[in-house]
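All remarks here apply to the structure that follows.
Throughout, read-outs are computed from the coordinates displayed, never taken from laboratory work. Here the structure is a predicted model, which is why all the values come from computation and not from measurement. As a convention, Cβ positions derive from the backbone with ideal geometry for all residues, glycine included, and neighbour counts pool all protein chains shown.
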Ligand SMILES: *[C@@H]1O[C@H](CO)[C@@H](O)[C@H](O)[C@H]1NC(C)=O
């Protein structure tokens with residue numbers, strides 16, 4: 001009898017492996033998250049079009065003839081009215097609906113800060129910047145940290161212009177940016193800027209330093225320049241000066257936020273956002289998720305990309321307005337490691353740059369050393385192509401490759417990311433990349449298209465769009481396909497999008513109309529913009545780049 005069962009542990013594992021691969025997917029196959037038919041017609045297409053232009057495409061939520069989403073639809077003064085609200089309402093909603101705290105991570109230190117305390121800081125800083133200093137244009141050179149959040153909302157309540165700078169940046173580059181943006185007030189972490197250089201910024205009148213707790217006993221008078229006065233962040237919030245009643249007559253069309261970025265020609269450029277445009281961006285992002293996936297107070301939201309990017313900021317504001325707990329980690333940036341950023345926080349929702357996601361993808365692919373790792377991944381991609389995010393089973397859990405660790409407990413459910421059209425350092429993600437990432441992270445990935453002149457996304461993939469544009473041929477096809485940008489889904493409910501004839505790209509092209517992407521709506525600066533990149537309409541109503549119309553140097557790969 002005993003000889004008969006001379007199966008050792010290895011054989012058992014092998015049998016179990018074979019059985020599971022054959023049968024488990026059969027038992028577990030569930031309905032797709034969305035009916036495939038819905039993914040085949042994702043846009044509302046206007047019935048008529050002008051010559052030399054494609055028809056106007058819109059979100060199915062705001063079809064032709066309906067008003068585009070322009071705001072938060074808050075209760076108005078009269079019962080039947082609603083109002084758009086502004087960035088101040090984002091903060092009010094965060095206080096009302098949220099869990100009363102913001103989580104900050106700096107290095108190994110994690111802290112929870114009471115939202116009422118942050119509220120007091122916002123008013124202390126707002127009053128100091130405006131009433132005491134009389135400043136109008138405030139440059140913020142800070143990582144994703146609580147002081148950055150405080151300045152953002154102080155700007156909304158007290159009406160000064162916020163100029164978030166890419167951080168860290170090269171001092172030479174900063175000089176160019178200062179000349180271009182002429183701030184009169186600068187806030188920076190102590191020791192991160194060469195202050196002699198700052199003295200040469202003619203517009204500057206005041207420098208505020210953010211000083212780490214351990215260094216606060218030192219003298220932090222910022223410059224030797226007599227013309228420029230200085231203060232510290234902790235000094236002001238500990239002893240608020242000035243009357244902290246925010247003005248009631250804010251100009252919501254005035255410049256609230258300046259976006260500083262490098263265009264494809266490698267030049268620094270700026271765009272001016274008003275509160276009205278920003279709130280339309282936030283509202284679009286709030287409206288686009290299906291109810292089942294909406295951001296809620298149960299979510300912990302972490303921006304992994306820098307808050308100086310409007311897309312990151314818009315999604316962060318949407319999370320705050322939904323009552324989600326905001327977690328910020330000062331390591332955030334355009335190429336931050338996803339696991340490092342998530343480690344102490346266990347976020348449920350993140351916004352990350354395509355660069356960060358690509359890095360995560362390559363690292364994880366590098367850990368697929370065994371044959372069965374590739375098999376597991378292949379089966380998970382198959383689940384995905386059948387319309388479900390694969391969450392793994394006992395078998396994949398013990399034999400798995402090294403997946404990115406996204407905190408303990410791991411509970412990531414949504415990743416927002418966007419291609420920034422017309423901006424230098426945006427890396428395109430292709431369809432297999434997105435599928436690989438969905439399988440590796442076990443989370444939804446929402447890929448969109450943004451542009452410097454638009455608050456939030458122009459178009460964004462349906463959260464359940466797991467289709468893979470290239471057939472799943474064999475498990476080791478990875479890396480073989482050129483980095484061709486994936487499609488961007490249908491237009492957001494706050495914009496309408498059309499393609500305008502340019503060069504050889506025509507709206508009459510068959511089967512897919514092509515042309516320069518033109519966007520209009522309340523989330524667009526000036527109401528409308530051509531974003532300088534060539535796109536096409538796919539048959540399913542999704543917007544995509546025309547490969548050779550985009551970045552001549554990149555698609556030869
Ligand atoms: C932004 O506003 C500033 C100040 O009013 C102005 O000088 C600048 O030209 C504006 N930038 C753009 C791109 O419109």
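Given R₀ = 60 Å, FRET efficiency for residue 41-residue 218 by Cβ-Cβ distance, to 0.05?
0.40
Please arrange 265, 492, 440, 368 by counting, for each residue, the other beta carbons lying within 10 Å of its beta carbon, fewest first.
265, 368, 440, 492
Based only on other Cβ atoms within 10 Å, what is the fewest-to-most ordering of 121, 372?
By the 10 Å Cβ count, ascending: 372, 121.
Using a/c under 1.5 as the rounded threshold, could you call segment 225-346 rounded, prolate or oblate? The axes a ≥ b ≥ c are square roots of the C-alpha gyration tensor eigenvalues, and prolate needs a/b larger than b/c, oblate otherwise.
rounded
Give the percent of DSSP beta bridges with both residues in segment 136-278 that are antiparallel, rounded to the nearest 5.
Around 30 percent of the beta bridges assigned by DSSP in segment 136-278 are antiparallel ones.
Consider a paramagnetic label point 7 Å from the Cα of residue 132 along Cα→Cβ; state which residues of segment 233-270 have an amide N under 15 Å from it.
233-245
Between 0 and 90 degrees, rounded to the nearest ten: what's the tilt of helix 115-127 against the longest Cα principal axis of the chain?
40
Specify, per residue and in Å³, the volume enclosed by the convex hull of the alpha carbon atoms belonging to segment 112-251.
Cα-based convex hull of segment 112-251, divided per residue, equals 112 Å³.
State, to one decimal in nm, how far the label point of residue 111 lies from the label point of residue 196, with both points 7 Å from Cα in the Cβ direction.
3.3
Below 8 Å, C-alpha to C-alpha, sequence gap of six or more: please give me the relative contact order for the chain in percent.
Relative CO of the chain lands at 17 percent.
Label-point separation (nm) for residue 391 and residue 337, each offset 7 Å from Cα along Cα-to-Cβ?
2.9
Given the C-alpha centroids of segment 179-216 and segment 358-393, what is the distance between them in whole angstrom?
Comparing the Cα centres of segment 179-216 and segment 358-393, I get a distance of 46 Å.
Tell me, in nm to one decimal, what length is gained between residue 272 and residue 172 on full extension, where the rule is 0.36 nm per residue of separation less the Cα-Cα distance?
Additional length available on full extension: 33.7 nm.
Can you grab the distance from the C-alpha centre of segment 408-447 to the C-alpha centre of segment 99-120, Å, no decimals?
27
Set the Förster radius R0 to 25 Å, insert the Cβ-Cβ distance between residue 378 and residue 60 as r into 1/(1 + (r/R0)^6), and round the FRET efficiency to 0.05.
The pair residue 378/residue 60 has a calculated efficiency of 0.15.
Determine the shape class of segment 279-350: with a ≥ b ≥ c the square roots of the Cα gyration tensor eigenvalues, call it rounded for a/c under 1.5, and otherwise prolate if a/b is greater than b/c, oblate otherwise.
Oblate.
Nearest 500 deg cm²/dmol is fine: what mean residue ellipticity at 222 nm does the chain get from its DSSP H runs of n ≥ 4 alone, each adding -39,500 (n - 2.57), divided by its residue count?
After summing the helix terms and dividing by the residues of the chain, the value is -8500 deg cm²/dmol.
Taking the Cβ of each residue in 300, 45 as the centre, tally the other Cβ atoms inside 10 Å and list the residues starting with the fewest.
45, 300
Counting pairs of alpha carbon atoms under 8 Å apart in space and at least six apart in sequence, what relative contact order in percent does segment 112-251 give?
Once divided by the residue count of segment 112-251, the mean separation gives 29 percent.
Rounded to the nearest 0.05, what FRET efficiency is calculated for residue 510 and residue 263 with R0 set to 41 Å and r the Cβ-Cβ distance?
0.80
Only bridges whose two residues both fall in the chain count here: according to DSSP, what percent of them are antiparallel, nearest 5?
50
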